[in-house]
Amino acid sequence: MVGQSDDGPILSHPMPLRRLPSPELTAPVEDLRQIEGLAVGGLREVPVRW
């Protein structure tokens, strides 16, 4: 179903959306290995738990 507001279309869905769990780091931030030499930097790996 689509409605209209001053900001644009309003979309509604008959079924409520379920919220996905957020990932949590499984290692301390200071233990994460960074990739050197990239213009923006980055991490080599990011261990997470869902």
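The values are calculated or read from the model by the stated rules, or taken from the named source; none is laboratory data. Just so we're clear, the structure is a prediction, and the values are computed from it rather than from any experiment. Cβ: placed from backbone, ideal geometry, glycine included. Neighbour counts: every protein chain shown.
Within region 31-50, the set of residues being of a type outside the set (A, V, I, L, M) and assigned to a strand (DSSP E or B) comprises GLN34, ARG49. Out of all the residues in region 6-25, which are surrounded by 10 or more Cβ atoms within 10 Å (Cβ to Cβ) and at pLDDT 65 or above? PRO23, LEU25, listed by residue number.
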